[in-house]
Amino acid sequence: MKFIKLLGTMTLAAGVLAASAAAQAKDLAIGLVMPMSGPFAAHGKQIKHGIDLYLAEHDNMLGGRKVKLIVKDDTGIAPAVAKRLAQELVIKDKVDILAGFTLTPNAFSVAPLATEAKVPMVVLNAATSSITEKSPNIVRVSMTLPQDTAPMAQWAHANGIKKVYTLVADYGPGHDAEQQFKKTFTSLGGQIVGEVRTPVNTPDYAPFLQRIKDAKPDAVFLFVPNGEPGVALAKGYTERGLAAAGIKALATGDVTDEDMLDAMGDAAIGMITSFHYSAAHDSPENKAFTTAYAKAFPKDRANFVSVAGYDGMHLIDMALAKTKGDASADAFMAAAKGMKWTSPRGPVEIDAQTRDIIQNVYIRKVERVKGVLQNVEFDTIKAVKDPGE
């Protein structure tokens, strides 16, 4: 009788272990919401490149679980579309983690779902400071605009620039960049002599640039979404004669993104930017990343968006290793808070209070290096927290 009872106990234990092993072996479903078509398609492509590169280097495993990616195209600035797609991923596809969100309005629209469904949401680009405040289940591995902007204002003042005109795209990140530049620059004694907000998708900056030229500032601070708007802005800046008039071009690195530098051509040369990543960053980690990237995607250049995709997977990998594969929101977020690693961009950390990234910000200048346009770093501000939160 004791033998039968013992056998039953052993059978039950084996069943529990088998069930536990099966649960651990379950594929990790990650739902990606990002633009794969439309004017911001380069964002989605580059994020996917970074994700694919990390997964290829890690046998398609994160935290001991095989990864299943489900990609949804939000087409661009389309909050209603992003929300609907995220709902489908959670309800129909039963994803463990939501990720992507290259544009602020889309991230805002999905944040309540991350809270209600108790699903971790990893933001890979959207840069408005308040995003992580919209849900306790959001963690960001990209940047915020104030984080990249404040060092630019500090550098400008320290290098004799006294009067600045601001030109930013009229949406959340642009407002953040404008407000932070003005706050930091004026607090140091600088003067803002004019400001203009442009439509997000405008193809023509000529009338705005003429207004700036007529105001004769020492410099203009620029922010537009990376991609086609940056190309149009750089070319317009040269064609309208601002460079020839001695008006310095200052910007966040979105404007001179590596993905668009070749299209900008010589119009970009001399632009000074502040940013958290350059493909020319001199470190063993970045050399390994850019070499692997060039081999995997020879038609494209590694940029800050691809690094965000790569680091997003690194974060998930480390968090799940810590939770032993548990991707539930409470466990995942607890693991992510305070996490540190060395990225291709340099040392990074997830702020335990805000769930936002802490990272170096570099001052760079666009130069031709061996025939290739590069953002050449010449100064570093270490361990910058988002000043906008």
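Quick notes on this one:
- Shape category assigned to region 162-224 from the gyration tensor of Cα positions, a/c cut at 1.5: oblate
- Listed residue pairs exceeding 31 Å between alpha carbons, taken from Lys48/Lys213; Lys83/Lys213; Lys295/Lys370; Lys94/Lys287; Lys68/Lys299: Lys48/Lys213; Lys83/Lys213; Lys94/Lys287
- Residues in region 269-294 that a label on Arg368 would reach, taking backbone N under 19 Å of a point 7 Å out along Cα→Cβ: 269-272, 280
- Spin-label pair Ala352/Asp214, simplified geometry with 7 Å Cα→Cβ offset, distance in nm: 5.5
- Note on Arg84/Asp170: beta-carbon distance plugged into 1/(1 + (r/R0)^6) with R0 of 35 Å gives a FRET efficiency of 0.90.
- In sequence order, region 109-118 has phi-based couplings of 5, 8, 3, x, 5, 4, 6, 5, 7, 6 Hz under the Karplus curve 6.51 cos²θ - 1.76 cosθ + 1.60, θ = phi - 60°, and Gly or Pro positions carry x.
- Nearest-ten-degree value, helix 41-57 long axis tilted from longest Cα axis of the chain: 50
- Net charge dipole size for the chain [Lys, Arg +1 and Asp, Glu -1 on Cβ; Debye, nearest 20]: 640
- Under-5 Å amide H pairs with Ala280, H placed in peptide plane, nonlocal only: Asn375
- Computed FRET value (nearest 0.05) for Lys324 with Ala56, which takes r as the C-beta separation and R₀ as 25 Å: 0.55
- The modelled label-to-label distance between Ser130 and Glu239, using points 7 Å beyond Cα along the C-beta direction, is 3.6 nm.
- Relative to the longest principal axis of the Cα atoms of the chain, the long axis of helix 228-239 lies at roughly 10 degrees.
- With the Kirkwood sum run over all distinct C-alpha pairs, region 256-329 has a hydrodynamic radius of 14.4 Å.
- For region 329-334, the Karplus equation 6.51 cos²θ - 1.76 cosθ + 1.60, evaluated at θ = phi - 60°, returns couplings of 4, 4, 5, 5, 5, 4 Hz by residue, with Gly and Pro reported as x.
- Size descriptor for the chain, Kirkwood hydrodynamic radius: 21.7 Å (Cα pairs only, one decimal).
- Projecting the Cα atoms of Thr75, Leu113, Leu250 onto the dipole axis of the chain, where Lys and Arg carry +1 and Asp and Glu carry -1 at the beta carbon, places Leu113 farthest toward the positive end.
- Here the relative contact order of region 147-207, from alpha carbon pairs under 8 Å that lie six or more residues apart, stands at 42 percent.
- A Förster radius of 22 Å combined with the Cβ-Cβ distance from Thr380 to Thr342 puts the calculated FRET efficiency at roughly 0.90.
- Rounded, prolate or oblate (a/c below 1.5 giving rounded, otherwise prolate when a/b exceeds b/c) for region 40-98 by Cα gyration tensor: oblate
- Length gained when the stretch Asp262-Ala296 is fully extended (0.36 nm per residue, less Cα-Cα span): 10.3 nm
- With helices as the sole contributors, the chain gives -14000 deg cm²/dmol at 222 nm; each DSSP H run of n ≥ 4 counts as -39500 (n - 2.57), and the sum is divided by every residue.
Bear in mind these aren't lab numbers, they're just calculated from the coordinates by the rules spelled out. A quick note: this is a predicted structure, and the numbers were derived from the prediction, not measured. Neighbour counts run over all protein chains shown; Cβ positions are idealised from the backbone, glycine included.
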